[in-house]
């Protein structure tokens with residue numbers, strides 16, 4: 001039952017993040033990014049997996065900053081094709097690019113290249 005809610009959460013986060021409706025921020029960890037809601041926060045992190053690749057971890061934190069739940073792409077893909085690995089990897093990439101301002105940096109560099117001093 002809980003995994004279905006996790007899958008719905010990942011899907012909604014993915015769509016709203018891709019549409020620019022959510023604002024991801026940096027955390028103290030260079031491989032984790034955070035999204036804040038009124039009473040809870042969500043982090044998405046990239047961690048080395050058991051098979052040599054990376055796993056993606058979503059944690060839900062309460063208003064005190066305590067982790068109240070954690071799940072991974074491996075949890076969601078258990079017994080099914082690896083569809084949530086790709087979804088969570090894409091979500092992580094959107095969160096990372098937004099939190100670090102990657103697109104803004106590229107736009108400024110392109111502008112500098114088009115308009116040299």
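The values are calculated or read from the model by the stated rules, or taken from the named source; none is laboratory data. The structure displayed is predicted, hence computed values, not measured ones. Every residue, glycine as well, gets a Cβ built from its backbone with ideal geometry; the counts of neighbours run over all protein chains shown.
Checking the conditions here, which among 50, 103 is assigned to a helix (DSSP H, G or I) and either within 10 Å of the chain's Cα centre (by Cα) or modelled with pLDDT under 95 (or both)? Give the derivation first.
Working: 50 fails: assigned to a helix (DSSP H, G or I).
Exactly one residue qualifies, and that residue is 103.
Just to be sure before I move on: is residue 68 assigned to a strand (DSSP E or B), over 15 Å from the mean Cα position of the chain (by Cα), modelled with pLDDT of 90 or more and loosely packed, with under 14 Cβ neighbours inside 10 Å in the structure I sent?
Answer is yes for this residue.
Each row is one residue, and each column tells you yes or no for (1) buried (at least 17 other Cβ atoms within 10 Å of the Cβ); (2) closer than 18 Å to residue 14 by Cβ.
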{"position": "52", "(1), (2)": "no, no"}
{"position": "78", "(1), (2)": "no, no"}
{"position": "87", "(1), (2)": "yes, yes"}
{"position": "100", "(1), (2)": "no, no"}
{"position": "103", "(1), (2)": "no, yes"}
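Give the residue that is surrounded by the most Cβ atoms within 10 Å (Cβ to Cβ), with candidates limited to residues of the stretch 23-47 that are in contact (Cβ under 8 Å) with a residue 40 or more places away in the chain and part of a loop (DSSP other than H, G, I, E, B).
Within the stretch 23-47, the match that is surrounded by the most Cβ atoms within 10 Å (Cβ to Cβ) is 24.
Consider residue 59 against the criteria (1) more than 22 Å from residue 18 (Cβ to Cβ); (2) at pLDDT 95 or above; (3) in contact with a strand residue (DSSP E or B) (Cβ under 6 Å, 6 or more places away or on another chain): it satisfies all of them except one. Which criterion is unmet?
Single failed check for residue 59: (1).
What residue, among those in the stretch 3-13 that are touching a residue at least 40 places away in the same chain (Cβ under 8 Å) and either buried (at least 17 other Cβ atoms within 10 Å of the Cβ) or farther than 20 Å from residue 99 by Cα (or both), is farthest from the chain's Cα centre (by Cα)? Before the answer, list the steps.
We begin by selecting, within the stretch 3-13, every residue touching a residue at least 40 places away in the same chain (Cβ under 8 Å); these are 3, 6-7, 9-11, 13.
Going one step further and asking which of them are either buried (at least 17 other Cβ atoms within 10 Å of the Cβ) or farther than 20 Å from residue 99 by Cα (or both), we end up with 3, 6-7, 10, 13.
Working: 3: 18, 6: 14, 7: 14, 10: 9, 13: 8 Å.
Looking at residues that are touching a residue at least 40 places away in the same chain (Cβ under 8 Å) and either buried (at least 17 other Cβ atoms within 10 Å of the Cβ) or farther than 20 Å from residue 99 by Cα (or both), I get 3.
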